[in-house]
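In what follows, a structure is listed as structure tokens, so that the remarks can point back to it.
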Amino acid sequence: MSYNMSQMKNNFFIDKDKIPSAWSDALNLFREGNQIGYYRYSEFENAKSFDEFMLICDWEIAFDDDGNCDYIRFYGEKYSDGEILFEALAPYVKEGSYIQMLGEEDDMWRWVFSDGKVTEKKPTIIW
């Protein structure tokens with residue numbers, strides 16, 4: 001899939017104690033030969049922090065005063081297999097977190113984090 005997308009809103013949280021494991025699992029996923037968009041493992045392995053790693057993946061994150069990741073924002077332009085990244089991060093993301101996206105032709109979806117997994121959900125719109 002390769003189309004324009006933007007983020008509408010999010011409710012995202014990873015506890016600071018889980019960030020090292022989340023980052024490690026994401027890196028291990030890429031060691032196994034997966035890629036996000038055009039990026040490959042060699043581009044990720046030199047990241048000096050989790051937020052730098054996420055920036056390479058086209059996602060900006062922020063931290064609260066306690067060091068927990070409490071914000072995520074897509075800053076890329078094109079869809080780039082984000083669900084691969086989120087599959088690796090899902091076991092560490094707080095239950096009920098989500099990222100809501102808008103694609104071409106007003107296609108909307110949410111990546112919803114539940115039971116250590118991420119699923120893509122489409123809305124039902126009633127006028």
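Note on Asn28 and Trp127: the extension gain reaches 31.2 nm, defined as 0.36 nm multiplied by sequence separation minus the Cα-Cα distance. Annotation: the residues Arg31, Arg110, sorted from fewest to most other C-beta atoms within 10 Å of their own C-beta, follow the order Arg31, Arg110. The three principal axes of the C-alpha atoms in the stretch 5-121 carry coordinate ranges of 37, 32, 25 Å, sorted with the longest axis first. The percentage of C-alpha pairs in the stretch 65-127 whose separation is greater than 20 Å is 31%.
Along the charge dipole of the stretch 5-121, which of Ser114, Leu29, Gln7 sits closest to the positive end, that is, farthest toward it, with unit charges on the beta carbon of Lys, Arg, Asp and Glu (+1, +1, -1, -1)? Result: Leu29. Residues in the stretch 48-54 carry Karplus couplings, in order, of 8, 8, 4, 5, 5, 4, 5 Hz; the curve used is 6.51 cos²θ - 1.76 cosθ + 1.60 with θ = phi - 60°, and Gly or Pro positions show x.
Each value in this text was obtained by applying a stated rule to the coordinates, not by laboratory testing. Bear in mind that the values here come from a model prediction, so they are computed numbers and not experimental data. Glycine also receives a Cβ, built like all others from the backbone with ideal geometry; neighbour counts cover every protein chain displayed.
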